[in-house]
Amino acid sequence: MNDLEKKVNELRDLCFSESFKNGWHTDENGKILDKNKGEMISLMHSEISEALEGERKGLMDSHLPSRPMAEVELADAIIRIMDYCGRWEYDIGGAIKEKLEYNKTREDHKRQTRMQIGGKKF
């Protein structure tokens, strides 16, 4: 495991640990909840939608007023993603490393391809 994978997986473990100890994964008796993956993914999506709204309106965050709302909501999205990956023990660090390497080989990720009509320039 390289440094990138290790650091990302450490962030995953931190986010899951914080969520777990704050009761996001257990009932009032400490019993593990049967979490709905779709609901958890929807919560990730909602954080990104809030970031979009913050960008659209140029808002500062209401909880961390020294930071742009979009920045804080994107942090929330990452926390939710890492929590999810921790809950199901996904090797997200390894997946990110492999995906970055794979993307280097993709024709549709090259600048000249993206800029063509019908490409991925936006």
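Each reported figure results from applying straightforward, stated rules to the coordinates on display, with no laboratory input. Being a predicted model, the structure only gives us computed values, none of them experimental. Because the Cβ atoms are built from the backbone with ideal geometry, glycine has one as well, and the counts that use them run over all protein chains shown.
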Amide H contacts under 5 Å for Thr26, placed H, 5+ residues apart: Leu33
Please give the net charge around Asp61, taking every other residue with its beta carbon less than 15 angstrom from that of Asp61, where Lys and Arg add +1 and Asp and Glu add -1. -4
Sorting check: for 78-91, 60-73, 32-45, which peptide has the highest mean count of neighbouring beta carbons within 10 Å, and how do the rest follow? 78-91, 60-73, 32-45
Dividing the helical contributions, -39500 (n - 2.57) per DSSP H run of n ≥ 4, by the residues of the chain yields a 222 nm value, nearest 500 deg cm²/dmol, of -20000 deg cm²/dmol
Once the dipole of the chain is set up with Lys and Arg at +1 and Asp and Glu at -1 on Cβ about the Cα centre, which of Ile117, Phe16, Gly86 lies farthest towards its positive end? Ile117
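Expressed in nm², what is the orientationally averaged projection area of the convex hull enclosing the Cα positions of segment 3-114?
9.6 nm²
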Between segment 47-120 and segment 21-39, what's the alpha-carbon centroid distance in Å? 25 Å
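With +1 assigned to the C-beta of every Lys and Arg and -1 to the C-beta of every Asp and Glu, and no other charges, what is the dipole magnitude of the chain about the Cα centre in debye, to the nearest 20?
Roughly 720 debye for the chain.
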Over the chain, with a Gaussian network built from C-alpha contacts below 10 Å, which listed residue (Leu52, Leu11, Leu100) shows the highest mean-square fluctuation? Leu100
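Quick one: net charge of Ser46's neighbours, Cβ under 10 Å, K/R +1, D/E -1?
-3
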For segment 51-122, what D do you get in µm² per second when you plug the Kirkwood radius from alpha-carbon pairs into Stokes-Einstein at 10 °C and 1.306 mPa s? 105 µm²/s
